[in-house]
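Presented below is the structure to which this report refers.
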Amino acid sequence: MELDLMKAKEFYHKMLLIRRFEERCVELYSNQKIRGFLHLYIGEEAIAVALMDALTKEDAVLATYREHGYALARGVSCESIMAEMFGKVEGCSRGRGGSMHLFDASARFYGGSAIVAGALPLAVGMALADKMQKRNRVTVCVFGDGAVAEGEFHESLNLAALWKLPVLFVCENNLYAMGTALKYTESETEIYKKAASYKISSKQIDGMSVIEVAKAAKRAVEDIKDGNGPVFLECLTYRFRAHSMFDAELYREKAEVIEWKKKDPLLVFENRLKEIGLWSEVDATAIEDAIKTAIDKAVEFAENGTLEALEDLEKFVYSEVSHG
Amino acid sequence: MSQFLMPSLGADMESAILMEWMVKEGDTVTKGQVIAEVETSKGVIEIEVFEDGIVEKLLVEPETECAVGMPLAIIKAGADNTLKAMKKIETQTIVKHNADTSKIEPDKQKKIIEAKEDNIEQEERIKISPVARKRAQELGVDITKLDSKKDVIHLSQIEALGTIKVKAPEAAEKKEETKERDGMRQAIAAAMSRSNTEIPHYYLSTSINMTPALEYLKELNKKRSIEERILPIAMLVRAVVLALKEVPELNGFWQENGHRMSKEIHPGIAIALRKGGLITPALLDAQNMDMYSTMEFLSDLITRTRLGKLRSSEMTKQTITITNLGDLGVESVYGVIYPPQLAIIGFGAIVNAPWAEGDALCVRKVMQATLAGDHRATDGRIGAQFLDKINKFLQNPQELL
Amino acid sequence: MDNTTTYREAVREAIRKAMTENESVFLMGEDVGHYGGCYAVSMGLLDEFGAQRIIDTPLSESSFTGAGIGAALNGMRPIVEIMTVNFSLLALDQIMNNAATLLHMSGGQLNVPLVIRMATGGGKQLAAQHSHSLEGWFAHIPGLKVLTPATVQDAYDMVGLALADPDPVLIFENALLYNSKGSIDTQGTPVPIGKALIHKAGKDISIFTYGISLFKALEAAEALAKDGIDVEVIDLRSLRPLDDETVMNSVKKTHKVIIVDEGWKSGSISAEIMARINEQAFYELDAPMARVCTVEVPLPYAKHLEDAALPQPQKIVDTARTMMGK
C-alpha cells in the first residue's frame, strides 16, 4: 500500500494517542479516578490503528474488554471515553459501562465485552443481517488468543464460513490468555490454522507492524466486500503491560518483555519512516504536544462531568418505547 | 352473597330440626353471631354465622327438619352498604351475560370497572398481623371490637390487652325446658358402642388424698360469697388442665391420619340432665383460665347445658372428657372414651378412708381417679404420668390458682 | 498460637490440606497455576503439588467443568475453580444437565462428587458482566448444594465439607471477602452443610442473610441497637439445602423478618425464603416480611450508582426502623 506523509502522520498520531491516553489512565487509576478493571493495550496499538484505517463509516466493530485503542482509533472522542472511565453521564456509555464497556452506536462501535469470545456470535449475526439486507458492509470482530479456547469461537467460525458471511475475524495473539501461556492452553498454537480448518481464508501476520497489518486488513476487507465470505487474521503481538492493573506477572519472564519491547510498534514505525525518509517531516514533537493537550482536555472534561441522578438508576433495563 | 347452610356439628350428625331463628330478614349479622337454634340428637345447639352480612332471606320455617348442608338462609356479604352489595350482583350478571366484553358499549364498560372498584372498597377488613390474630384467639380478645381503621394491629397491642377476655356468658333466659328426647339416648348408645369396638382402651387408677385440697378450698371460700364459692369440681378440672399441659399426649384426637395433639384444651365435662341423659359439652380454651374463671365458666356451662342453650363449638371441640360421678356415691369410674378423643378421666366419690402418712395410719378424704386411654395413641406410662401430675397438683392446691 | 488468617489463605489452606490427605483431590481452572489464581487463592500450590494436580485450563468453561464431572464419575475428587460466577454461565449446561442430574437419571448409580468454587458479588465497579450474585439461581436446581461462606472459618471448613459430600457442591466466595481476616480452628468439627448460624441473637427482628451481606447486617444491627431495636442476625451459610428449622425458630421468636441478599428480588432466594416462612410460619408473623436486595438493574460501573443499587447497612437500618414503626 502507498504510505504517503499524511497517512504516516495519521498512523503515528493515533498510535501515540492510544499510548499516551493509556499511560494517563494508569496514573488516574492509581489515583482512584478510574476504577473497576483496567486492561491496557500498550504494545498492541498498531493493530487497532491499521484495522480501523481499512474500514468505512458503515462497517461495524466489535471488540473485547481491552478496547480503548479501538474506540480511539475508530474516532470515539477522548473526552467521552475518559468521562466514561470517570463514571460520568457524558461518557460514551453514560458511566454505566466503564473501561470494559465502551460503546458508540454512531461510530458503529459495538463495544466492549467482558466475557471472553462473547462478541463472536454477535458479529456473525450482524454480518448475517447485512447479508440479508444486501448491504455491502464488513463486521470486524477482534478477540484475544484466549478466546480461541471457547466453544463460541469454533461455533462462530463455522457459521460464518458455512453462510459465507462478511466478517473479518481478527485474533490478537499476545501469547497469554490472561496469565496462562498459549502453550499451556492450546494443542495447536498456530491459531490461523484453526480458522483454516473451517475453510476460512486465514493468515498470520506481524501485529507489531502497522504497515503490515494495514496491508492485510485492506486486502481482507476488499475480499469480503467482493462477497467471498469471512477472512481470519492472526496478528502476533505482545502487551507490554500486565493483563490488568492488579497482576504481578508471575507467569512471564522480564527478559521476554524486554525482548518484545524492541519490537514496539511506535519504534518499528519510526525506524521504517526513517528508512524511507519521511520521519523528519512527521514532526513528532508537534504530535506529542497536540496529544498532551487533547488528553489534558479530556481529563478536565471528565472531571467536570456530571454524575447520573440516583432516580435514574433503573433506567436502561428496558427500552423506553412509547406504546401509544 | 352466600347461602347459610345447616352445619355439620359432628361426624355422625345427618340432620337437625331448625327450632328458632334469632334474626329476621334485613338484620345485620357479624361473623360468629348466633342466628339460630337447632335440635340435634345431642340436644339444642346454637348455630353461628361465618361471615359479616345482611340476612336477605330466611329459607326455612321453624320446626323443619333439615339435612346437613341444606340452605337455611341467604346472607348478603358486606354489612354496611346494601347499595354496593346490589351493585356487585348487577356486575356479576352483566359480566355473565356479556362474556365478550369488547361488545359492550364503552359506557357500560366503565360502569363495570367502577363496580369492580367498589367491590375492593367494600371488602375492607381488619388489618391484623397473623401472629396477633392467633394470640387474640388464644387470649379470647375479640378483634372485631378493636379500632383498626387506620393502622395494622400488631402482637404487642394484643398482648397489652393482656388478661383473658372471653365473651361474658349470656344471661340464662327463662325458657320452657325441652322434653327429653329419645334421640339423645340413641346417640350416646351409638357413640359408646363405636368406642368400645374401635378403641383399644387401657385403664389406670390411683387413690388421691384430697384433704389438703379440700382444706385449702375451705380457706379460699371463707372470703367469698355463696355465689362466688368454688366447688371441688372446678379444682379437679383445673388439675386436669394443668396436668395436660405437662402431659399433652392425652389431649387431642385419634383421626384417620393418626394421633393429633391439640394445643387448646377443651375438656368435655359430663353433665347429667335433670330429666335424664348425659351431655359432655366443652369448657372451651380452659388452658387460658385460672381457678376462678374455671369456676365461673363451668357454672355458666352447666346452666346453659340444662337450659339446652349450648354453642355448636361446645358440642364438637372436646379434646378430653372429665366425668365425675362422685355425687352419686360411686367410688371408681371406668369411662368409655368418646371418639375421636384420646382419653376420659373419671373422679369418684370423696370418702373417709384409712391413709398411711409416714409410719402412722390416719383417716383422710380419699378419692379414686381413673383414666381410660386410647392405646393406639398412648401407653400406660403416659397415663401414669398424667395421674401422677393430677395428684401432685392436688397435694399442692395453691398451684391450682 | 495466633490463628489469624485471611479468607483467601483459609481457602488455600483447606485445599492444601485436602490435597495432602487425599491423592484424588486436584484443582483445575483458569489461571489457577502459573498466575496463582485470579484472586490469588491458589498462589504457591503449583510449586507444591505440580502441574499434574494444579491444572491450568484454557478458557473453556463448559469443557473443563464437564471434565470435572467426568473425573468425579471416575474416581477423582476434583475442585473446579471458575473465575467468576459470570463465566459459570458458559458452563451452566454441564452443571445443570450433567452434574445435577446424573445421579437421578442413572437411577442412583452415578453420583458426582464434584466441588465447584467461584467468585461472586459486586461492589468493585466491574459493571454488568462481572458483578452479579447468581448463587440464588443455582439454588433453584435439585441435585446441587449451594454454599456461601461468609466467615474465614467457613471459607476453610466448607472446602472440606464439600469434598466430603458425595454430590456436586458449589461454593460461592464473595470476591470482596478474600482480604477479610479472622481466626480459624483447623481441629474442630465443622458446622455441617445445611445448618444456619445465629451470629447475633435478638428478639425484635430476624435478619436472614449470607455471604458478604452478613457483615452489612451485623453493621446495621449495631446501629439499630442504639435505637433499642434488638435484631437477630442469621447467616444461612447454605442456600440449598436451606435450614428451615433455624429460620422458623427465629421467626417464632421475633415475628418479624428482613432478608438481605445481593441477588435481585424477582424469582430469587429471598423470595424462596419468604415463601417458606409463609408456608411454615405464617401465623407467627407480626408484620409483612421485607427484603433488602439489589435494585433490579444490571450493575452499573459508576460508583455512586453501584452503591445505590447494592444492599447497604443504612438500607437495612431504614427497613428495620420502618418495620418497628420508628
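Each reported figure results from applying straightforward, stated rules to the coordinates on display, with no laboratory input. Everything quoted here is computed from the prediction, not taken from an experiment. Heads up, the Cβs are rebuilt from the backbone with ideal geometry, glycines too, and the neighbour counts pull from every protein chain shown.
Below, the figures for the structure above:
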{"item": "Globularity index of the stretch A:1-108, i.e. its alpha-carbon radius of gyration over 2.2 N^0.38 Å", "result": "1.05"}
{"item": "Vicinal HN-Hα couplings computed from phi for the stretch A:8-21 (Karplus, 6.51 cos²θ - 1.76 cosθ + 1.60; Hz; Gly/Pro x)", "result": "4, 5, 4, 4, 4, 4, 5, 5, 5, 4, 4, 4, 6, 4"}
{"item": "Unit Cα scatterers, Debye sum, chain C: log10 I(q)/I(0) for q = 0.07, 0.16 Å⁻¹", "result": "-0.27, -1.36"}
{"item": "Principal axis dimensions, chain A - Cα atoms, whole angstrom, descending", "result": "62, 51, 42"}
{"item": "Anisotropy class of the stretch B:291-363 from Cα gyration tensor, a/c 1.5 cut", "result": "prolate"}
{"item": "For A:Leu5, C:Leu299, order by how many other beta-carbon atoms lie within 10 Å, fewest first", "result": "A:Leu5, C:Leu299"}
{"item": "Selected from C:Arg117, C:Arg237, C:Arg53 as most flexible by GNM, with chain C as the system and alpha-carbon contacts under 10 Å", "result": "C:Arg53"}
{"item": "Kirkwood hydrodynamic radius of the stretch B:182-400, Cα pairs, Å", "result": "17.8 Å"}
{"item": "Share, in percent, of DSSP beta bridges within the protein assembly as shown that are antiparallel, nearest 5", "result": "50 percent"}
{"item": "GNM flexibility winner over chain A from A:Ile191, A:Ile276, A:Ile295 (Cα, springs under 10 Å)", "result": "A:Ile276"}
{"item": "Furthest towards positive pole of dipole, A:Tyr184, C:Ile193, A:Val282, structure part the protein assembly as shown, Cβ charges", "result": "C:Ile193"}
{"item": "DSSP bridge orientation in the stretch C:4-183 - percent antiparallel, rounded to nearest 5", "result": "10 percent"}
{"item": "Largest-first principal axis extents of the Cα set of the stretch A:40-94 (Å)", "result": "31, 28, 17"}
{"item": "Lys pairs, the stretch B:199-345 - Cα-Cα below 22 angstrom, 8 or more residues apart or on other chains", "result": "5"}
{"item": "Histogram of C-alpha separations across the stretch C:197-323, 10 Å bin width, %", "result": "14, 48, 32, 6, 0"}
{"item": "Among A:Ser30, A:Gly125, A:Cys78 - extreme Cα towards positive end, dipole of the stretch A:20-139, charges at beta-carbon", "result": "A:Gly125"}
{"item": "Pairs from A:Lys164/A:Lys193; A:Lys9/A:Lys261; A:Lys57/A:Lys274 whose Cα-Cα separation, in the structure shown, is over 28 Å", "result": "A:Lys57/A:Lys274"}
{"item": "Student exercise, chain A dipole from Lys, Arg, Asp, Glu Cβ charges, in Debye to nearest 20", "result": "620 debye"}
{"item": "Convex hull volume per residue for the stretch C:4-183, taking Cα atoms only, in Å³", "result": "102 Å³"}
{"item": "Amide proton proximity set for A:Ile205, modelled H, under 5 Å, gap of 5+", "result": "A:Glu234, A:Cys235, A:Leu236"}
{"item": "Neighbour-count order for B:Arg376, A:Arg94, fewest beta carbons within 10 angstrom listed first", "result": "B:Arg376, A:Arg94"}
{"item": "Three semi-axes of the equivalent ellipsoid, the stretch B:2-77, Cα gyration tensor, whole Å, largest first", "result": "20, 12, 11"}
{"item": "GNM flexibility winner over chain C from C:Gly29, C:Gly211, C:Gly50 (Cα, springs under 10 Å)", "result": "C:Gly50"}
{"item": "Packing-based exposure ordering (other Cβ within 10 Å, fewest first) of C:Val41, C:Val292", "result": "C:Val41, C:Val292"}
{"item": "Cα-based Rg of the protein assembly as shown normalised by 2.2 N^0.38 Å, two decimals", "result": "1.32"}
{"item": "Bridge type composition, the stretch A:69-181 - antiparallel percent by DSSP, nearest 5", "result": "35 percent"}
{"item": "For the stretch C:76-153, diffusion coefficient by Stokes-Einstein and Kirkwood Rh (Cα), 20 °C, 1.002 mPa s, µm²/s", "result": "156 µm²/s"}
{"item": "Isotropic mean projected area of the C-alpha convex hull, the stretch A:199-324 (nm²)", "result": "16.3 nm²"}
